[in-house]
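Taking it in order: structure first as structure tokens, then the write-up.
Just so you know, all these numbers are worked out from the coordinates, no wet-lab data involved. No experiment lies behind these values; they were computed from the predicted model shown. All Cβ positions, even for glycine, are placed from backbone atoms using ideal geometry, and neighbour counts span all protein chains on display.
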Amino acid sequence: MAEFASATVQRVQDALQGLGLGHEIVDLGLSARTAADAARAVGCRVEQICKSIVFRLGASNRPLLVVTSGANRVDEAKVGALIGEKLEKADADFVRATTGFAIGGVAPIGHTGPVVILIDESLLGFEEIWAAAGHPNMVFRLRPDDLVRMTGGRVAPVAR
């Protein structure tokens with residue numbers, strides 16, 4: 001297994017290794033902060049990129065990670081109704097404090113604290129998808145059912 005200089009990427013690698021599913025982190029060698037950038041870099045459709053968006057839940061102040069297809073926009077009203085709390089925008093400090101990751105590299109696993117997770121049901125239609133691995137230049141390939149299993153996230157219609 002490779003070791004990474006970035007502590008956040010190493011945390012994701014350790015989580016992946018702990019799952020024992022054989023996923024490997026890929027260094028794209030360039031920034032993939034957007035779904036379109038990531039899709040171009042790995043050679044897939046933008047719909048196959050897992051876009052990670054963190055919200056602050058208004059009543060409980062907990063983090064909510066919505067993992068959606070890179071082509072979709074999150075319907076905040078729909079998600080708020082599913083969760084039963086109003087969604088608030090999460091700033092960079094909140095994202096880092098609650099997940100351990102910077103915006104642009106939020107992985108679906110390896111968080112430093114508990115995170116409520118929703119997974120866009122449209123991701124289940126692909127044979128393979130790509131997710132951030134703790135840094136804007138790093139990703140890993142997985143199957144949609146792996147995403148559900150590794151995160152324990154709830155699959156739901158989250159897109160507009």
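Around residue 107, which amide H atoms from residues at least 5 apart in sequence, or from another chain, sit under 5 Å from its own amide H, with H modelled in the peptide plane?
134
Looking at the chain, which longest stretch skips every one of the GluC sites (Glu not before Pro) that is in a DSSP loop with at most 12 other Cβ atoms within 10 Å, leaving the sites themselves out?
25-126
Could you point to the residue in 77, 107, 25 farthest towards the positive end of region 7-156's charge dipole, with +1 and -1 charges on the Cβ of Lys/Arg and Asp/Glu respectively?
The residue sitting farthest along the positive end of the dipole is 77.
Would you mind ranking 44, 50 so that the residue whose beta carbon has the fewest other beta carbons within 10 Å leads the list?
The fewest-first ordering by Cβ neighbours comes to 44, 50.
State, in angstrom, two size descriptors of region 1-149 derived from its alpha carbons: Rg to one decimal place and Dmax to the nearest whole number.
That works out to 14.4, 42 Å for Rg and Dmax.
Any chance you could check the Cα centroid distance between region 104-138 and region 1-76 for me, in angstrom?
When both Cα centres are located, 4 Å separates them.
Which of 77, 90, 131 moves most in a GNM of the chain, Cα contacts under 10 Å?
77
Using just the alpha carbons, could you tell me how many Å³ per residue the convex hull of region 4-55 encloses?
Dividing the Cα hull volume of region 4-55 by its residues yields 116 Å³.
Of all beta bridges DSSP finds with both residues in the chain, what is the antiparallel percent, to the nearest 5?
Of the beta bridges lying entirely in the chain, close to 70 percent run antiparallel.
Let me know the charge dipole size of the chain about its Cα centre in debye, to the nearest 20, where only the beta-carbon of Lys, Arg (+1) and Asp, Glu (-1) is charged.
Around 360 debye, computed over the chain.
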